[in-house]
Amino acid sequence: MAQAKLLEEFLSAVRGVHSTSGGTKETSFYTALNNLLDGVGHALKPKVRCVMQLKNLGAGNPDGGLFTADQFDRQTGEAKDLGKPSRGVIEVKAPVEPVDDTATTGQITKYFDRYKLVLVTNLRDWLLIGERQGQRVTLERFSLAPNEATFWALAAHPTKAQTELGEAFQDFLARVLLHNAPLADPKDLAALLASYAREARHRVEHATDVAAQQLEALQQSLESSLGVTFSANEGGHFFRSTLVQTLFYGVFSAWVLRRENAEPGQALGPFDWKSAAHSLNVPMIAALFGQLSQPAKLKALNLTEVLDWAADALNRVDQAAFFKTFESTRSIQYFYEPFLAAFDPELRKSLGVWYTPEEIVRYQVARVDQVLQTELGLPDGLADPNVFVLDPCCGTGAYLVEVLRVVAEKYKAQGADALAAHQLKQAATTRLFGFELLPAPYVVAHLQIGLLLRQLGAPLQDDERAGIYLTNALTGWEPAKAPKNAVLPFPEFEQERDAADQVKQTQKIIVILGNPPYDAYGGVALGEEQDLVTPYKEGLIKKWGIKKFNLDDLYVRFFRLAERRIAERGGRGVVCYISNSSYVREPSFVVMREHLANNFDRIWIDNLNGDSRETGKTTPDGLPDPSAFSTPYNKEGIRKGTAVALLVKRSPAKPIAPAPKRGSKDGPTAVQVLYRDWWGAAKRQDLLTSLEETDRD
């Protein structure tokens, strides 16, 4: 929801009334309050409208009511039936009167008995009274100031108040106006959970000194485990958002798993978020979630009630309608993107968190399976027990899930039913690996693998885990020259780091695939990551005369990582990425292209175009050419063009040949590069159709 400056306007209006000393203690502020609530309600669907000074509708005269658009005539705007405000009533008191005292009066009891939802406010404190499991409770509250004097001091600086409190306050009011709304659409639930997550982040950012010290210890452990340093500003935002989204997405995932794990016909009682840590059967993430969800920690961070509110929201969801859109077995994976987009769209953009469409995932995995057979002489492809697969930026686990599904189909086709479950679990735990930097999608990836294995008859036991690790994929590939940092405060973090390093340094990876992030994040690159793309810069100025270049996008580092691991040190293997397509043509990447051509035997490029800058997202015929990442939940997709690169190394590593002279048409090696352009809205489906082709032009 667009954040208008509603708090600033409200405070300016009430201060203007107060400064005259001529208004009444309550009713003179009705106009400012009406405008504030109408401003919030106008952005909702359906719109919510505030009407102040209601007549007696059966329980006295509430100061105001909150009505939905369908309670008014669309043509005339006049009321059709105001017998019961569908979003509750309002009681207003002067700033000097405590709302908690007002909430216990007989007047509020009458309003609650009649309307079941009452917003009580003295302009500085806001209290929503409603029902939870049939009992009258305080559903939510928000405080602008602890007392009257502080409130008028706040009102004297409305712009500052808007900056510090505006987003959180408007989120609160939106939740109040939506509390009685039906909850079934995934977008609505994503927006609501994201609103609670922003409130939690707001509280974390304003934590007490004790809580701040606890967070600092947790941040240091996470930094050491991931091999990154969070910078002061962007990195701090990244760290706080990471913690909060992990906490709230963990609660959502536990809610889904409860339904998924229920016996057929089993009646489920109200969901309790405190069970979430038990549901997340991953030691490292359970430790992180446990740190955030321990009563002592939550009390210091003041998050307990926010999590209660989120659980209330989940208990209000029309599950039949929700899971009709997002089937329960896949909702954990596919709900993450709309949640993050609603929670922190800028963070999502900077991290490159984009749901990879299913057709693209299926195409990449199928092509890898094909070339393992045709180029590397492995008839069983991905099912070969010697094929070790890594998705170095696995996100919610889409690629690993698809690889496991393909492997399961191959085992089934081989008729090895008695052995298939054991082989499948072995594959998931010992030769399919995923690395992820963000805890929330890391949780999702583990849950996705666990759900699939259970569906395939090979459930993980309590002491088993999938080969997915919370780590920085771009570091830790070389044994540390100096002793590792001192023991981390949380042993699970240390164990996770060491297990990830063991995979990087000892496993013979033969396949690297995935969708690497395109841009940078708030962490500062250290050590080997900092120098990773240096080989792609050598000779750009002297040999090629290119003085201005940009090779800092993250996806370039992931290409270099894959090239080094597969072609230079592995001897043979396959790399398959979908990424920003800038490396295909732009001059800055000439040395990178030279490296890839010299180090791989065969390269396929599927250019999916869809670039807003180069083509204006139109085909050569002038027709629409949307992003390959355009989906019903993200119609815009991304602005940059994308391409799928498939690179195969058949022979042992060989040294890079001398670069050709500039302008030369003869390449330094006999590498075969096969290139195709894909255009139009059906390009993803066209990719899948092309899988039956064996030769490509």
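Starting from the Cα-Cα distance between Glu97 and Val137, subtract it from 0.36 nm times their residue separation and give me the gain in nm to one decimal. Residue separation times 0.36 nm, minus the Cα-Cα distance, leaves 12.4 nm. The share of accessible area on region 11-66 that comes from carbon and sulfur is 48 percent, using a 1.4 angstrom probe. Note on region 89-191: Lys pairs 8 or more places apart or on different chains, Cα atoms under 29 Å apart, count 4. Each residue of region 100-106 is assigned a 3J(HN,Hα), and the resulting list reads 5, 5, 4, 5, 9, 6, x Hz, derived from the Karplus form 6.51 cos²θ - 1.76 cosθ + 1.60 (θ = phi - 60°), x at Gly and Pro.
Taking every alpha-carbon pair under 8 Å whose residues sit at least 6 apart, region 354-452 reaches a relative contact order of 34 percent. In the full protein context, region 40-165 carries 47 Å² of accessible surface per residue, based on a 1.4 Å probe and ignoring ligands, DNA and RNA.
Note on region 30-153: Kirkwood hydrodynamic radius from all Cα pairs is 15.1 Å, rounded to one decimal.
Let me make sure I get this right: for region 101-216, a, b and c are the square roots of the gyration tensor eigenvalues over alpha carbons, sorted descending. Under 1.5 in a/c it's rounded, otherwise prolate if a/b > b/c, else oblate. Which is it?
Oblate shape, in that a/c is at least 1.5 and b/c is the bigger or equal ratio.
Taking 19 Å as the straight-line reach from the Cα of Lys504, the aspartates and glutamates in range (excluding those fewer than 8 positions away in the same chain) are Glu223, Asp391, Glu436, Glu478, Glu492, Glu494, Glu496, Glu528, Glu529, Asp531, Glu563, Glu568. Within region 559-627, all pairs of alpha-carbon atoms sorted by distance into 5 Å bins from zero give the percentages 3, 14, 22, 21, 14, 11, 8, 4, 1, 0.
Of the solvent-accessible surface of region 527-647, computed with a 1.4 Å probe over protein heavy atoms with every protein chain present, carbon and sulfur atoms account for 50 percent. The convex hull built on the alpha-carbon positions of region 540-588 has an orientation-averaged projected area of 4.2 nm².
Apolar share of the accessible surface for region 187-230: 47 percent from carbon plus sulfur atoms, 1.4 Å probe. Decide, for region 177-229, between rounded, prolate and oblate: order the square roots of the alpha carbon gyration tensor eigenvalues as a ≥ b ≥ c, take rounded if a/c falls under 1.5, and otherwise choose prolate if a/b is larger than b/c, else oblate. Oblate.
The values are calculated or read from the model by the stated rules, or taken from the named source; none is laboratory data. This one's a predicted model, so the numbers in the text were calculated from it and none came from an experiment. Side chains are part of the model used for accessible areas, which takes the heavy atoms of the whole protein and leaves out ligands, DNA and RNA. Shrake-Rupley method; radii C 1.70, N 1.55, O 1.52, S 1.80 Å.
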